[in-house]
Amino acid sequence: MSEALTTAFQTVGKEYGHDSVSAEFMQSKEFKLKWRRSCGWIEFEVSDYLENADTDVMEGIARTIFSKISGRSSTEYPKSMEEWLTNDEFAKRNRPTYLKRSRNLTGSANGKFRDLSVRNMLSEL
């Protein structure tokens with residue numbers, strides 16, 4: 001699936017005048033995208049939560065990022081990405097990975113210093 005990501009970013013990169021574009025997936029707890037560039041190349045690292053996304057979602061994200069990099073006005077993420085991220089299937093597919101990567105989660109409201117089930121009296125004022 002990394003080929004689809006690379007192809008999507010290279011396709012959009014050409015539209016923005018970038019001939020040397022690479023993209024690969026990275027593992028991260030959160031959904032992230034990082035890039036590095038120099039005068040002749042640009043490299044992207046994209047959260048592996050994107051691995052199962054359709055080509056139009058990948059290209060939409062690439063278009064938004066290239067737009068931000070080039071300083072163009074259209075910097076909103078596409079509707080297709082929003083729909084994909086908020087889809088129940090996305091959550092079901094990625095929940096186990098997220099939980100495995102999250103070290104400080106507990107199944108209880110009782111923490112080391114606070115019990116989250118006890119309401120803060122100041123918030124009621």
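The values are calculated or read from the model by the stated rules, or taken from the named source; none is laboratory data. Just so you know, these numbers come straight off a predicted model, no measurement behind them. So basically every Cβ, Gly included, is an ideal-geometry build from the backbone, and we count neighbours across all protein chains shown. Heads up: the accessible areas ignore ligands, DNA and RNA and are worked out on the full protein's heavy atoms, side chains in. Shrake-Rupley method; radii C 1.70, N 1.55, O 1.52, S 1.80 Å.
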Point to revise | Near pairs, Cβ below 8 angstrom, 6+ apart or cross-chain, from the stretch 41-66 (without any contact (Cβ under 8 Å) to a residue 60 or more places away in the chain) to any residue that is of a type in the set (Lys, Arg) and in a helix (DSSP H, G or I) | key: Asn52/Arg93
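Filter the stretch 1-28 for residues that are open to solvent by 70 Å² or more (accessible area, probe 1.4 Å) and without any contact (Cβ under 8 Å) to a residue 60 or more places away in the chain and give the result. Don't jump to the end; show me each part of the working.
Residues of the stretch 1-28 that are open to solvent by 70 Å² or more (accessible area, probe 1.4 Å), as a first pass: 1, 3, 7, 10, 14-15, 19, 24, 27.
Answer for the stretch 1-28, where residues must be open to solvent by 70 Å² or more (accessible area, probe 1.4 Å) and without any contact (Cβ under 8 Å) to a residue 60 or more places away in the chain: Met1, Glu3, Thr7, Gln10, Lys14, Glu15, Asp19, Glu24.
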Practice item. Exactly one condition in (1) hydrophobic (A, V, I, L, M, F, W, C); (2) part of a loop (DSSP other than H, G, I, E, B); (3) buried (at least 16 other Cβ atoms within 10 Å of the Cβ) is not met by Phe31; state its number. Key: (3)
Practice item. Hey, can you tell me all the residues within the stretch 34-47 that are open to solvent by less than 30 Å² (accessible area, probe 1.4 Å) and under 13 Å from the mean Cα position of the chain (by Cα)? Key: Phe44, Val46, Ser47
Review point. Quick one: is Glu51 under 15 Å from the mean Cα position of the chain (by Cα), modelled with pLDDT of 90 or more and open to solvent by 70 Å² or more (accessible area, probe 1.4 Å)?
Key: yes
Check your understanding: In the stretch 1-28, which residues are assigned to a strand (DSSP E or B) and closer than 25 Å to Pro96 by Cβ?
Key -> Ala23, Glu24, Phe25, Met26
Check your understanding: Out of Lys112, Lys79, Lys100, which single residue is at pLDDT 75 or above and out of contact with any Gly (no Cβ under 9 Å at 6 or more places or on another chain)?
Key -> Lys100
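Quick check on the stretch 55-75: of everything there that is touching a helix residue (DSSP H, G or I) at 6+ places or on another chain (Cβ under 7 Å) and outside any helix (DSSP H, G or I), which residue is surrounded by the most Cβ atoms within 10 Å (Cβ to Cβ)?
Thr75
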Check your understanding: If Gly17 passes every condition in (1) on the phi > 0 side of the Ramachandran plot; (2) of a type outside the set (S, T, N, Q); (3) in contact with a strand residue (DSSP E or B) (Cβ under 8 Å, 6 or more places away or on another chain) but one, which one does it miss?
Key -> (3)
